[in-house]
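Report on the structure given below.
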Amino acid sequence: MALTGVRTERAAERIGFGCSHITGGVEARANLRLVRLAYDLGVRHFDTAPMYGHGTSEEVLAAAFRGERHNISIATKVGIPHGELSSRRQLLRLVATPLRRWTPRLSNLAAKRIYSAPVQTNFSLSFIDRSIEKSLTKLKTDYIDLLLLHEVRPQDVSDELLDKLQKLVHQGKVRRLGIGTSVESMKQIKAAGLDVEVYQRPWSVRVADEDLFADRYQIFHGSILGAMEVVHEKLRTDARSKQRLQDLCRIEIGSPDDIAKVLLLAAIAANPRGLVLFSSRARRRVASYLQFAQSVDIQAGAEVLGTLRNRLGVQETMPLRSATSH
């Protein structure tokens, strides 16, 4: 999105909401309010998957935007089976929720272990058909804005798979195609010639690799959790760097949430042509992050990104692209 006239692009326009923790069942009402809060504060892209929320995330999104489907963009995925939210799992989640609030470091460690664990994928044509139809039913829609191949590997890609995906587009069930997997797998898949529009990938301020797929629309995730500890330690011991970032962001950096805002802003600046996902179970945090993003512009983010990398000793491989470079 190019800047025009006197309008200054807000960082919030580059944010999507990740729905991996959006669960139905006894948590449905609270999560409906959470999703609607993100929408009311300017978010228009919501990222879900069949497995998210133990198979209920898509249903919560459908309920949140009943009658307003045309106002939002939904990304869902294929390749990992739909989950199931049993009564036992609902009870365990209710017990675990206050524990996560009281022990955030333990919660973050658990999240790292969960999301780094290997998953079982299935990209057979029959599985894709079943998964798409189930997602359309749960989302209560007849089209998916963005369909991502979830944790796809180079060996999963075949001519038959590509033909199937193109048929879904021609049928109008899918509007855009992409891959959501590791950066290493993306490199190999791209080298093999897979032609999809969107690359949804992990990104960290600690690695200057945002230009690897600059010819594609990129969606970043993991920008906060992946760098929180190292940035927190740096700012704890480097008062000059902390003051510089406070001046740029116009906030006092005194908590992990403040650092998270800085990292989110850096990710947005590193990806001026795409989106950055963030997620939280806490309404207070969702409101705080998005209100912060509404208060800053992309140019401030570029300076934050450069400052962080300079202080962390990260070598930039290429000059940062401007938001007006396309």
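Structural remarks
- Neighbour net charge for ASP163 - beta-carbon separation under 14 angstrom, K R +1, D E -1: -2
- Pairs of Cα atoms farther than 18 Å apart, region 170-286, %: 57
- Förster radius 41 Å - calculated FRET efficiency between SER288 and GLU133 (Cβ-Cβ, nearest 0.05): 0.60
- Note on ASP211: accessible area approximately 30 square angstrom, rounded to 10, probe 1.4 Å, nucleic acids and ligands left out.
- Rel. contact order, % - alpha carbon contacts under 8 angstrom, at least six apart, region 180-231: 36
- Accessible surface, 1.4 Å probe, highest first, among residues MET51, MET186: MET51, MET186
- Solvent-accessible surface ranking, highest first, for ILE251, ILE74 at 1.4 angstrom: ILE251, ILE74
- Each residue, ASP238 and VAL207, gets one label point 7 Å from its Cα in the Cβ direction; the gap between the two is 2.0 nm.
- Remark: region 14-30, residue by residue, has Karplus-estimated 3J(HN,Hα) of 10, 10, x, 9, x, 10, 5, 9, 7, 10, x, x, 5, 9, 4, 4, 5 Hz, where x stands for each Gly or Pro and the curve is 6.51 cos²θ - 1.76 cosθ + 1.60 at θ = phi - 60°.
- Stretching GLU68 away from TYR143 to a fully extended chain increases their span by 25.6 nm, per 0.36 nm per residue minus the current alpha-carbon distance.
- The heavy atoms of HIS232 offer some 80 square angstrom of accessible surface to a 1.4 angstrom probe.
- Taking a Cβ cut-off of under 12 Å around ALA63, the surrounding Lys, Arg, Asp and Glu residues balance to a net charge of +4, with basic ones at +1 and acidic ones at -1.
- For region 156-196 versus region 222-297, the inter-centroid distance based on Cα atoms is 32 Å.
The values are calculated or read from the model by the stated rules, or taken from the named source; none is laboratory data. On a predicted model such as this, the values are computed, not experimentally measured, just so you know. Cβ coordinates were reconstructed from backbone atoms using ideal geometry, including for glycine residues, and neighbour counts include every protein chain displayed. Remember, those area values only see protein heavy atoms, side chains included, never the ligands or the DNA or RNA. Shrake-Rupley method; radii C 1.70, N 1.55, O 1.52, S 1.80 Å.
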